[in-house]
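Right, one structure below, let's go through it.
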Amino acid sequence: MDPSARGLATTIEAAIRTRILAPGEAVPSVREMAASAGVSTATAAAALTTLRRRGLIVTRERRRSVVSIRPPLALVTVATGTVGVGVRDLSSGNPDAELLPDLRASLARLHLDHRSYDDEPVIPELIELARADLAESGVEAGGIALASGAFDAVERVLNAHLGPGDVVAVEDPCYSPTIDLIRAMGLVPLPIPIDDRGPLAPGLTKAIAAGAAAVVVTPRAQNPTGAAFDGERARELRRVLARNPGLLVVEDDHQGPIAGVDGYSIAPGQRRWARVRSLAKALGPDIRLALIGGDEETLSRVQGRHAVGPGWVSEILQRLVVELMRQKRVRAGLVRATRIYSERRQGLIEELGRHGIAAIGRSGFNVWIPVPDEATVVAALLERRWSVAPGAPYRLESPPAIRVTTAALTRRDAEAFAADLAAVLAPKRRRRAA
């Protein structure tokens, strides 16, 4: 093994890639690593710093470093199969395939010509569609940029203005890939407490005072909690931002109108901002296209960097999106899907309420349920043939919870799940009462 800090970091990276060190597993301390590798503690500390900056490990205050839940590596596949025969998957976060439009029919209708390297990166028809989509949330976008999905867009916007070591305020709990992405970029995530209406204004104020250079928010269909801005919360946050016009604001409106609530924006008035609209939840996960509206400087930097990399998002994909969104049948299907998703989400919340179980989920596909011990509850539910997501990967400082995806959950299944969760929680409730 190379005894340098770089060599030690490479060795640990290989252990993570091959799952000798698994996601969530503690890594050796500085002293343990130094003794095992025969290097100085300074070398071991430098290796851990390198891994931390790359997002491969995470160190929480007064705790040992652990392997990131989603390290930015292609890991060796472990044959785990599905969630199990007969187990209902309420953990994946996927849309209901039955509510997605038929792509084959739309692909057959496309009339395509070969494009050239000199063509504009965004076709005019998609620019028109994007501006109308963003206007639904009160966002006026002069220019439009594209990216290959929401996280590609968020990364490009953050890269346009920030560098390693910069602090990014995020919702807590927050979609775990957002946290992973920020860490993988060498940025530092800073939690903002949220409720069912999104980030709390005092938390945003505190994050800015602590040095946040940017904030990433989800205006609706917040993952994992289903939180969504209302008019009052959006005004509260805009008042904070009005005192800090230089803060970069990134709005990840990944679900858009099918979230089931009106869209609000806190970006107006900021010098640097972007609103990202992914189409994957509405049209299908393989529609890897996100619309980006933003200020002129941000879009110029995003487009310029894209031009010297991939160049453009496939025009075939752009024209497919335009074709889909122009069809009355597809638009009607999205209205129906929005209603059904809302009914399923609200149905679970109502069933949980009948058992005295508190939960939040104002919009989107997910419901967030506080629990006393995530691992115990997840395991107990799996024994009852339900697979749910533990809250730990989504949390920075917020208390334990589980995430339940309701996109394909019928009312009958919601009744059964709520009853099973109540049974799982009952012993702990009795102990607390005693």
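Just so it is clear, none of the values below were taken in a lab; they were calculated from the coordinates. Predicted, not measured: the structure shown is a model, and the values here were computed from it. Because the Cβ atoms are built from the backbone with ideal geometry, glycine has one as well, and the counts that use them run over all protein chains shown.
Table for the structure above
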item: Extended-chain gain in nm, criterion 0.36 nm per residue less alpha-carbon gap, Arg271 and Arg63; result: 71.1 nm
item: Dipole moment magnitude, nearest 20 debye, the chain about Cα centre, only Lys, Arg, Asp, Glu C-beta charged; result: 1140
item: About the Cα centre, charge dipole magnitude for the range 5-67 (Lys/Arg +1, Asp/Glu -1 at Cβ), debye; result: 200
item: Residue of Arg239, Arg345, Arg395 that the Gaussian network model of the chain assigns the largest fluctuation, springs spanning Cα pairs under 10 Å; result: Arg239
item: Within the range 325-350: backbone nitrogen closer than 19 Å to the Arg115 label point (7 Å, Cα to C-beta); result: 325-326
item: Mean ellipticity per residue at 222 nm, deg cm²/dmol - from DSSP H runs of n ≥ 4 across the chain, formula -39500 (n - 2.57); result: -13000 deg cm²/dmol
item: Distant-in-sequence amide H partners of Ile57 (H built 1.01 Å from N, under 5 Å); result: Arg52, Ser68
item: Hz values of 3J(HN,Hα) by residue in the range 302-307 - Karplus curve (6.51, -1.76, 1.60), Gly and Pro given as x; result: 4, 5, x, 5, 5, 5
item: Estimated vicinal HN-Hα couplings, Hz - the range 254-265 in sequence order (Karplus 6.51, -1.76, 1.60; Gly, Pro = x); result: 5, 9, x, x, 6, 5, x, 9, 5, x, 10, 10
item: Two-site FRET efficiency, Ile20 against Lys328, from Cβ-Cβ distance with R₀ of 41 Å, rounded to 0.05; result: 0.15
item: Residues of the range 325-365 with amide N under 18 Å of the 7 Å Cα→Cβ point at Arg411; result: 336-355
item: Centre separation in Å (Cα based) which lies between the range 290-364 and the range 168-189; result: 20
item: Selected from Leu56, Leu8, Ala42, residue furthest toward positive end of dipole (the range 5-67; charges at beta carbon); result: Leu56
item: For the range 5-67, diffusion coefficient by Stokes-Einstein and Kirkwood Rh (Cα), 10 °C, 1.306 mPa s, µm²/s; result: 139
item: Built amide H within the under 5 Å cut-off of Ala169, gap 5+; result: Leu190, Ala213, Ala214, Val215, Val216
item: Chain lengthening between Arg6 and Glu296 when straightened (0.36 nm per residue, less Cα-Cα); result: 100.4 nm
item: The chain: translational diffusion in µm²/s, Stokes-Einstein, Kirkwood Rh over Cα pairs, 25 °C, 0.890 mPa s; result: 106
